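This report refers to the structure that appears directly beneath it.
Just so it is clear, none of the values below were taken in a lab; they were calculated from the coordinates. These numbers come from a predicted model, not from an experiment. Every residue, glycine as well, gets a Cβ built from its backbone with ideal geometry; the counts of neighbours run over all protein chains shown.
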Amino acid sequence: MPTYTAGKPQSAKVYFVKPDIYEVEIVKATEKISSRGNEMIKLEVKVLLKEGDGPIIWEYLTFVSAAAPIIDCFLASIGKATVEGEDVEINAEDLIGEKAVAYIGEDYNSDSEYKNNKVVRWIHGDEKIEWLKKKDEPF
């Protein structure tokens with residue numbers, strides 16, 4: 001029979017946030033191959049809340065031409081400049097610790113009673129600047 005050493009039960013962390021714009025941090029980035037054989041980077045994105053850490057969301061940057069606009073927006077959101085028409089090489093390890101702003105929405109899974117979050121879009125440019133200014137304003 002399996003055994004373990006019991007510890008003190010701890011409160012559950014926040015596992016879901018209401019859809020809105022949030023600051024996020026990349027806590028893990030791993031190079032993978034998609035089920036269709038394409039290169040991709042699996043991101044573990046932590047939602048940053050005033051009261052502490054929010055949920056961890058998995059997001060995938062898949063290196064196919066159809067996903068290039070998403071990768072462009074992600075890089076802009078973390079403050080990485082790119083030049084239109086130039087090839088960009090991304091090292092997964094370099095993404096760890098980067099902060100971005102993203103619209104976090106709901107991901108519905110009919111097999112589960114729990115709601116999950118997902119990154120709907122990466123916020124960048126003037127929209128990011130304005131959101132960051134408002135975030136720091138007192139209520």
| query | How large is log10 I(q)/I(0) at q = 0.14, 0.20, 0.24, 0.25 Å⁻¹ when the Debye formula is applied to the Cα atoms of segment 24-101, each weighted equally and without solvent? | reply | -0.46, -0.90, -1.22, -1.30
| request: Could you work out the local net charge near Trp122, counting Lys and Arg as +1, Asp and Glu as -1, over the other residues with Cβ closer than 11 Å to its Cβ? | output: -1
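Can you give the helix-only mean residue ellipticity at 222 nm for the chain, where every DSSP H stretch with n ≥ 4 adds -39500 (n - 2.57) and the sum goes over all residues, rounded to the nearest 500 deg cm²/dmol?
Numbers: 3 runs with 25 residues, N = 139.
Helix-only estimate at 222 nm: -5000 deg cm²/dmol.
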| task | Give the peptides 40-49, 78-87 in descending order of average Cβ contacts within 10 Å, highest first. | result | 40-49, 78-87
| query | Which one, (1) 20.2; (2) 16.8; (3) 15.8, gives Kirkwood radius over Cα pairs in Å as derived from the coordinates shown? | reply | (2)
| said: Suppose every Lys and Arg Cβ carries +1 and every Asp and Glu Cβ carries -1, with no other charges. What dipole size does the chain come out with about its Cα centre, to the nearest 20 debye? | reply: 620 debye
| task | Sort the following peptides by mean Cβ neighbour count (other Cβ atoms within 10 Å, averaged over residues), highest first: 59-65, 117-123. | result | 117-123, 59-65
| note | Note on segment 20-135: contact order normalised by length, alpha-carbon pairs under 8 Å, 6 or more apart, percent, works out to 27 percent
| said: I need the phi-derived Karplus couplings for segment 89-94: 6.51 cos²θ - 1.76 cosθ + 1.60, θ = phi - 60°, integer Hz, Gly and Pro marked x. | reply: 9, 10, 9, 4, 4, 5
